[in-house]
Amino acid sequence: MSNLLHFSEHTLQEVALLVMAVLYFFKIRWYFGFTLGKERQPATGMGDTNPKIGGRHSLGMVLRPGEMESTKSKPMMYVQFAVLHLGLFLSIALSFIIPYAPGILESQVVLMIFRVILGAAFIVGIMRIYRRITHVYVRALSTPDDHFSLALLTVWLGFAFMAASNNISGGEGIVLTYFLLTAFFLVYVPFSKISHYIFYPFHRLYIGRHFGRRGVYPMKRDRVQGA
C-alpha cells in the first residue's frame, strides 16, 4: 500500500469526518435557533391520539410508502428510493470496513451482497439522473446542486462497487479514487441538499406532534372513509 492510499484511507477520512461533524453542529444549532410557533388552541380530537403517538407515527413514515402521496401510486419509486439509500449506507460502511476491518470483505457472500446492492443503487442513480433531465416538471424544479449532488452520488456508488473487493494487486487507482470521492463527499454534503436527512427526524417529529395534538394524526381508516 502506498503512502498516498494509506493517507486517503485514514488521515484524510478522519479530517473530512471532523469537518462534517463541525459543520453539522453549526447547522443544527442554526436550525434550533428558530422559535416554533406555540399551539394556540386546546387539544382536540377523539382522544385516540396525542402528540407522542403522532410523533412516533410521523418518524416512521418513511417505512410506510402506502401513506405517502409520492409513493403509494408509484410503488417502484419507493423501491428505487430504498435501493438507492441502502446502497449509500453500504458505501459509507465500506469506507470504514476497508481500512479498519478488511477481513469482512474476504467472505464471498458478504462481497456479493455489497456488489449486488451497490450495483443496483448505481443503476438507480443513472435512472434518477435520466428522469431529472427528461421529466419536464422534475427538471423545472431542479437546481444545479440537485444535478451535481445526484451525479456525485452515482459516480461514488460506481467506484464503491468496483472498490468493494479491496483488491489493489492490479493498481490502487480505483480504491484511491473511491476514498478521495468519499472525503470530498463528506465535506460537500453539509453544504448541499443531501443534508436534508439530518433535519428529517426534527421536522417529522414536529409535524407528528402538532397534528397529534389536534387529534387528526395519525389518520384512521374509518375517519378517512367517513370524511
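Assign unit charges at the C-beta atoms only (+1 for Lys and Arg, -1 for Asp and Glu), then state the dipole size of segment 1-103 relative to its Cα centre in Debye, rounded to the nearest 20.
400 debye
How much accessible area does Ile129 have with a 1.4 Å probe, in Å² rounded to the nearest 10?
Number for this one is 50 Å².
With every protein chain present, what is the per residue accessible area of the chain (1.4 Å probe, Å²)?
Details: 14050 Å² over 227 residues.
Per residue, the chain has an accessible area of 62 Å².
Could you check the spin-label model distance between Val138 and Val116? Points 7 Å from the Cα along Cα→Cβ, value in nm.
2.6 nm
Separation of segment 62-89 and segment 130-151 by C-alpha centroid, Å?
18 Å
Roughly to the nearest percent, how much of the accessible area of the chain is carbon and sulfur, given a 1.4 Å probe?
Details: 9790 of 14050 Å².
Ligands and nucleic acids excluded, carbon and sulfur reach 70 percent.
Taking a cut-off of 15 Å, what percent of all Cα-Cα pairs in segment 34-127 are separated by more than that?
Working: 3233 of 4371 pairs.
Distances greater than 15 Å cover 74 percent of the Cα pairs.
Which Cα, out of Ile194, Tyr206, Thr154, lies furthest along the positive dipole direction of segment 69-227 (beta carbon charges, K/R +1, D/E -1)?
So the residue furthest toward the plus end is Tyr206.
Return the inverse of the average 1/r over all pairs of distinct C-alpha atoms in the chain, which is the Kirkwood hydrodynamic radius, in Å to one decimal. Present the calculation step by step, with values, prior to reporting the outcome.
Numbers: mean 1/r = 0.0492 Å⁻¹.
Computed over the chain, the radius equals 20.3 Å.
What helices in the chain pass both tests, a Cα length along the helix axis of 24 Å or more and a mean Kyte hydropathy of 0.0 or higher, using whole DSSP H runs? Let's see the in-between values first.
On the way: long enough: 11-31 (30 Å, 1.13); 75-100 (38 Å, 1.62); 108-134 (39 Å, 1.49); 144-163 (28 Å, 1.02); 196-213 (25 Å, -0.46).
For the chain, where a helix must reach 24 Å along its axis and average at least 0.0, the hits are 11-31, 75-100, 108-134, 144-163.
Which FRET efficiency value, to the nearest 0.05, is calculated for Leu23 and Lys72 with the Förster distance at 30 angstrom and r the Cβ-Cβ distance? Can you show the working numbers first?
Working: r = 35 Å, r/R0 = 1.17.
With a Förster radius of 30 Å, E is 0.30.
The values are calculated or read from the model by the stated rules, or taken from the named source; none is laboratory data. The shown structure was predicted, so the numbers you read here are calculated from the model rather than taken from an experiment. Glycine gets a Cβ as well: all are built from the backbone with ideal geometry, and neighbour counts include every protein chain shown. These area figures cover heavy atoms from the full protein model, side chains too; ligands, DNA and RNA do not enter into them. Shrake-Rupley method; radii C 1.70, N 1.55, O 1.52, S 1.80 Å.
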